[in-house]
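Down below is the structure, laid out as structure tokens.
The values are calculated or read from the model by the stated rules, or taken from the named source; none is laboratory data. Everything numeric here is computed off the predicted structure, so don't read it as measured data. Cβ atoms come from the backbone with ideal geometry, glycine included; neighbour counts cover every protein chain shown. Ligands, DNA and RNA are excluded from the accessible area calculation, which covers all protein heavy atoms including side chains. Shrake-Rupley method; radii C 1.70, N 1.55, O 1.52, S 1.80 Å.
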Amino acid sequence: MAADTGDDHSFGRISRSKDVAFEYLTLAATLVGIVALGILFVYVTRDAVGWLDWQFLTSPPHPDPYEAGFYPALVGSIFLMIVIALVTFPLGVGAAVYLEEYAGDGPVERFVRINIANLAGVPSVVYGLLGLGLFVTLLDIGYGTLLVAGFTVSLLVLPIVIISAREAIRAVPDSRRQASYGMGATKWQTIRNVVLPEALPGIMTGTILALGRAIGETAPLIMIGAPTTVFGVPNSLFSKISAMPMQIYTWASYPDTAFQYGVVAAASVTLLVVLLSINSAAILVRNRYQ
Amino acid sequence: MARNVPDDGKPSRNERIDAAEASGETGGLIETSVTTEDSDEHSTPGRTIIESRGVDVFYDDVQALRGVDMEIPENRVTAMIGPSGCGKSTFLRTINRMNDLVDSARVEGELRFGGTNVYDEGVDPVALRRRIGMVFQSPNPFPKSIYDNAAYGLKVQDKTDDIDDRVERALRDAALWDEVQDRLDESGLELSGGQQQRLCIARAIAVDPDVLLMDEPASALDPVATSKVEDLIADLAEEYTVVIVTHNMQQAARISDKTAVFLTGGELVEFGDTNEIFENPEHDRVEDYITGKFG
Ligand SMILES: Nc1ncnc2c1ncn2[C@@H]1O[C@H](COP(=O)(O)OP(=O)(O)OP(=O)(O)O)[C@@H](O)[C@H]1O
Ligand SMILES: [Mg+2]
């Protein structure tokens with residue numbers, strides 16, 4: 001009866017205006033970031049048109065903006081990522097396994113756990129300083145080499161890898177460990193056969209995202225004396241390398257506006273595309289195993 | 001961590017321990033590989049294989065078990081019943097030292113398996129668990145194939161000879177083979193709850209343990225699956241000593257030879273032949289519990 005008249009107000013009405021206002025407010029908050037990124041992308045891409053081509057990707061840098069290329073920096077960044085992945089994956093997984101599976105709950109362990117989170121927040125310049133002091137001055141591996149750059153940026157992203165690996169390991173249900181111990185497995189067998197296989201997708205996702213963070217780092221490279229411009233591809237761990245953000249920073253300081261706009265834009269788009277591919281790979285890995 | 005402290009030294013207890021020691025073979029948990037293979041030949045149905053003397057278990061300061069005395073006979077089914085929180089699971093985990101994994105847990109008293117106190121210093125809990133298998137309250141297969149689930153213990157314990165045969169036999173014994181023989185490569189997680197529980201049973205018996213501890217193995221199952229698991233337990237008792245926790249009185253009455261009744265506070269109030277306990281319990285509290293007046 002009341003239902004089909006439609007305007008039976010016997011219950012009264014409760015105002016929804018705050019509800020609606022709040023909804024739009026949160027929507028706006030969501031959009032700020034995305035819109036800013038979108039605008040950035042559109043502008044950079046527009047400037048890059050005509051500059052970003054095969055020649056740009058396959059040539060070395062050149063004083064003439066029309067001849068300039070990104071190849072050594074692109075390859076340098078990729079080599080750098082490989083070194084960082086090789087260093088941080090085993091160290092990060094090792095530390096995470098220790099902290100989650102072996103370490104007790106004493107004051108020392110708690111101190112370490114808390115401070116790994118703090119390390120993730122240390123500014124990258126400081127890590128650059130550490131790399132300079134440790135790898136260049138103390139161990140004398142050489143200014144701006146692939147190895148020093150790799151080690152330094154590894155230190156920077158290692159806390160991120162450890163934290164995400166710990167989360168992945170903690171997400172393995174305890175009932176699985178119990179099942180394994182109940183079968184007479186040792187701790188190592190349980191970690192090896194049950195915990196790590198199940199945590200691996202999460203660990204890989206975390207590591208890949210950490211690489212995404214690493215690829216954009218410039219400050220530590222400047223600190224360890226990576227050259228501003230490199231004309232060749234690194235051929236050993238001790239070659240001096242450049243990396244994409246380093247090269248972009250250098251070009252942006254050239255007086256020639258053709259560099260400041262066209263070349264820098266082309267390089268930025270390349271960097272963004274590589275970064276987005278890395279992040280998509282992480283998402284793919286995550287979905288694949290869920 | 002779990003530590004053994006000698007029991008309080010009442011003469012009656014010590015005498016009984018000595019008697020058990022004299023009659024039973026001494027464990028061999030310290031060098032298990034020697035004794036596991038021929039354990040079947042020496043099995044004597046009905047003889048005490050697990051003996052609990054004054055077992056107290058604490059979680060931090062909370063006492064979960066109080067002075068539990070019990071003799072569990074070989075190749076028989078022993079049921080543990082009692083209201084929720086009375087310490088049944090705790091007792092089960094005390095037998096195969098799964099309580100070692102709980103940081104706050106502490107065990108006092110003696111728990112003898114084949115004559116050896118499993119809390120003695122030289123006993124390796126991993127070796128102990130290889131002889132005392134466990135099936136948990138809720139099915140917990142690994143996210144691995146059905147085959148790899150059933151083979152897990154064999155691989156971990158390095159018993160990889162005839163592994164395919166052993167896996168098949170375990171799955172047959174667990175009454176699961178017919179349902180899974182065509183899809184051994186599929187994930188164990190894709191099975192139904194009842195199938196998963198039978199897979200966990202197969203995983204536990206594949207390694208041929210002496211004792212099988214089952215913590216409410218049928219609690220998550222429908223009546224059909226439950227009766228399959230019950231039939232299975234009856235069969236298993238021919239080869240294994242089965243200790244089973246259940247909340248289902250009828251189930252305990254149907255499948256067990258001995259019944260232990262725990263009541264709130266972690267006390268073992270009554271222990272004896274299942275028939276006697278159900279027909280003629282000594283304590284009123286036990287009678288009330290069994291007939292459903294409380295708990
Ligand atoms: N890991 C633990 N930490 C602290 N206390 C625990 C732990 N496990 C069990 N307890 C406590 O020990 C007591 C006995 O628990 P237990 O799990 O053995 O009971 P139960 O008889 O198996 O109960 P249910 O029938 O509900 O499974 C309970 O009071 C419980 O709160
Ligand atoms: Mg329980």
Members of region B:236-250 found to be within 16 Å of ligand 2 (Cβ to nearest atom) and without any contact (Cβ under 8 Å) to a residue 60 or more places away in the chain, listed by number:
B:Asn248
Within region B:167-176, of all residues that are open to solvent by 30 Å² or more (accessible area, probe 1.4 Å), touching a helix residue (DSSP H, G or I) at 6+ places or on another chain (Cβ under 7 Å) and modelled with pLDDT under 90, the one farthest from the other protein chains (Cβ to nearest Cβ) is B:Ala175
Residue list for region B:182-227, filter: within 16 Å of ligand 2 (Cβ to nearest atom), within 14 Å of the chain's Cα centre (by Cα) and under 17 Å from B:Arg172 (Cβ atoms)
B:Cys200
Name the residues in region B:217-235 that are touching a residue at least 60 places away in the same chain (Cβ under 8 Å) and either touching a Lys or Arg at 6+ places or on another chain (Cβ under 8 Å) or surrounded by fewer than 22 Cβ atoms within 10 Å (Cβ to Cβ) (or both), would you?
B:Ser219, B:Ala220, B:Ala234, B:Asp235
Among the listed residues A:Ser124, A:Ser180, identify the single one that is in contact with an Asp or Glu (Cβ under 8 Å, 6 or more places away or on another chain), of a type in the set (Ser, Thr, Tyr) and open to solvent by less than 50 Å² (accessible area, probe 1.4 Å).
A:Ser124
Unique residue being without any contact (Cβ under 8 Å) to a residue 60 or more places away in the chain and touching a helix residue (DSSP H, G or I) at 6+ places or on another chain (Cβ under 7 Å) when the list is A:Thr58, A:Thr26
A:Thr58
Where in region A:1-116 are the helices (runs of 4 or more DSSP H), entirely inside, with at least 3 residues that are under 29 Å from A:Leu275 (Cα atoms) and hydroxyl-bearing (Ser, Thr, Tyr)?
A:17-48, A:71-97
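Per-residue answers, yes or no, for (1) crowded, with 24+ Cβ neighbours inside 10 Å; (2) more than 13 Å from ligand 1 (Cβ to nearest atom); (3) free of Cβ contacts under 8 Å to residues at least 12 places away in the same chain:
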residue: B:Asp69; (1), (2), (3): no, yes, no
residue: B:Val77; (1), (2), (3): yes, yes, no
residue: B:Pro83; (1), (2), (3): no, no, no
residue: B:Asn117; (1), (2), (3): no, yes, no
residue: B:Arg130; (1), (2), (3): yes, yes, no
residue: B:Met134; (1), (2), (3): yes, yes, no
residue: B:Pro143; (1), (2), (3): no, yes, no
residue: B:Ile146; (1), (2), (3): yes, yes, no
residue: B:Gln157; (1), (2), (3): no, yes, no
May I ask you to list pairs of residues, at least six apart or on different chains, whose Cβ atoms are under 7 Å apart, with the first in region B:91-105 being polar (S, T, N, Q) and the second being more than 9 Å from ligand 1 (Cβ to nearest atom) and part of a loop (DSSP other than H, G, I, E, B)?
B:Asn99/B:Ala2
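Conditions (1) within 14 Å of another protein chain (Cβ to nearest Cβ); (2) open to solvent by less than 20 Å² (accessible area, probe 1.4 Å); (3) free of Cβ contacts under 8 Å to residues at least 12 places away in the same chain, marked per residue:
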| site | (1), (2), (3) |
| --- | --- |
| A:Arg176 | yes, no, no |
| A:Lys187 | yes, no, no |
| A:Arg192 | yes, no, yes |
| A:Glu198 | yes, no, no |
| A:Ala210 | no, yes, no |
| A:Pro234 | no, yes, no |
| A:Phe259 | no, yes, no |
| A:Thr270 | no, yes, no |
The residue from A:Val148, A:Val157, A:Val172, A:Val194 that alone is under 30 Å from B:Met214 (Cβ atoms), out of contact with any strand residue (DSSP E or B) (no Cβ under 7 Å at 6 or more places or on another chain), in a helix (DSSP H, G or I) and of a type in the set (A, V, I, L, M, F, W, C) is A:Val194
Among the numbered conditions (1) more than 14 Å from chain A (Cβ to nearest Cβ); (2) within 17 Å of the chain's Cα centre (by Cα); (3) within 16 Å of ligand 2 (Cβ to nearest atom), tell me where B:Asn99 comes up short.
(1)
Residue satisfying all of: in region B:249-269; under 10 Å from B:Ile81 (Cα atoms) and more than 17 Å from the chain's Cα centre (by Cα); surrounded by the most Cβ atoms within 10 Å (Cβ to Cβ) among these:
B:Leu263
Looking only at region B:63-94, count how many residues are more than 16 Å from ligand 2 (Cβ to nearest atom) and more than 23 Å from B:Pro209 (Cβ to Cβ).
4
Considering only residues that are part of a loop (DSSP other than H, G, I, E, B) and touching a Ser or Thr at 6+ places or on another chain (Cβ under 8 Å), which ones fall in region B:177-199?
B:Leu184, B:Asp185, B:Glu186
Test A:Ile162 against the criterion of being under 22 Å from A:Glu100 (Cβ atoms), open to solvent by 50 Å² or more (accessible area, probe 1.4 Å) and among the β-branched types (Val, Ile, Thr), and give yes or no.
no
Selected residue [under 20 Å from A:Leu156 (Cα atoms) and either at pLDDT 80 or above or among the small types (Gly, Ala, Ser) (or both)] from A:Ala281, A:Ala243, A:Ala266:
A:Ala243
